[in-house]
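We did not get these values from a lab; they are worked out from the coordinates using the rules stated. This is a predicted model, so every value here is computed, not measured. Cβ coordinates were reconstructed from backbone atoms using ideal geometry, including for glycine residues, and neighbour counts include every protein chain displayed.
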Amino acid sequence: MFALVAFSIIFSMYSAWAVQVAPREGSEEPAFILASARQMLFEGPGIPAEWNSTNVKVPGIVRQRMVIDNAKLAKFLALNYSQKTSLLGAAGYDFYFDLEWTNGTVITSTGLNGTNRSTSTQSRSLVVYNGTAIVSNLRLSR
Amino acid sequence: MKGFIFTLDAAIALFFALALTAAVSGFLLTSAAGPAADVSLQQLAQDVLTVMDKNGTLKGMLPAAGGNTTAYAFLTSVLPADAGARINVTVYAYKGDSCPSDYCNAVCGGCSSATGFCACKNFTVSIGSVPSSGVAAAQRFFTDSSINKFGLATIEVWWK
């Protein structure tokens, strides 16, 4: 009888942990990577401010917050895929970035869209591109 | 024998009670939005105001009457389909060194009236109705010194 009660208590505790804690730890990680990537891309000009493919540490694509600089965008798009994922802390995931008009038409994109992957986390940001409000999507899949 | 059966019955009941408690508490906790969801909503509120400022939408509301149609059109174009928002904009005129003859001048009693700040316009635009919880808010101050006006925009956003 004692064993039955002990088993039921342990089982209950495990159920609560498995449902609440375990999935949350796994599912929050890509969200925080995306938040960090968003900050690197859209909050500042990058490090160094006039970065290029050989000296880049943070690949910012704006000159002022949330306003896309076309030259920096072009430099970011020209980086190779592994360089992008490494700089943005997304190594190990399928990383996808795009800019699209608010009606959903894609202006430009890079990376792997992760359509064949089982889990996908996406971050949607509003940014200014050539004076117009557009949407940028960052996505991690695995 | 009777005592044993009674104890076994109680133990089985306890087992089911504990299992049910674990299942219910697990469901309640996982159905609440996690920290990332809260961050994304707050981020959305700030994004909307930042972009409205950077692309000139907010500044465009300073010199003329109205602005609610512009705000509504902007919000409907940029908000995700599953988000609602309410924005309040107040425009102030400063009638100090110059007093442009425009709608604010008329609202605030003309250039001959006392100088200083005057709230000459206020409007609120909503897309959906504000829920009682789960609302993120952001504020932004914007100005155009060439026409002696500034504004304060406050936005609330939520998931529908």
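The ranking of A:SER120, A:SER53, B:SER133, A:SER141 from fewest to most other beta carbons within 10 Å of each one's beta carbon is B:SER133, A:SER53, A:SER120, A:SER141. Here's the picture: charge each Lys and Arg Cβ at +1 and each Asp and Glu Cβ at -1 in region B:35-159, and of B:LEU41, B:PHE150, B:LEU58 the one pushed furthest to the positive end of that dipole is B:PHE150.
For A:GLY46, the residues whose amide H sits under 5 Å from its own are A:GLY60, ignoring neighbours fewer than 5 places away on the same chain, with H placed 1.01 Å from N.
Taking the fewest neighbouring Cβ atoms within 10 Å as the starting point, the ordered list for B:THR70, A:THR105 is A:THR105, B:THR70.
A simple count of charges around A:GLY60, restricted to other residues whose Cβ falls under 12 Å of its Cβ and scoring Lys, Arg +1 and Asp, Glu -1, yields +3.
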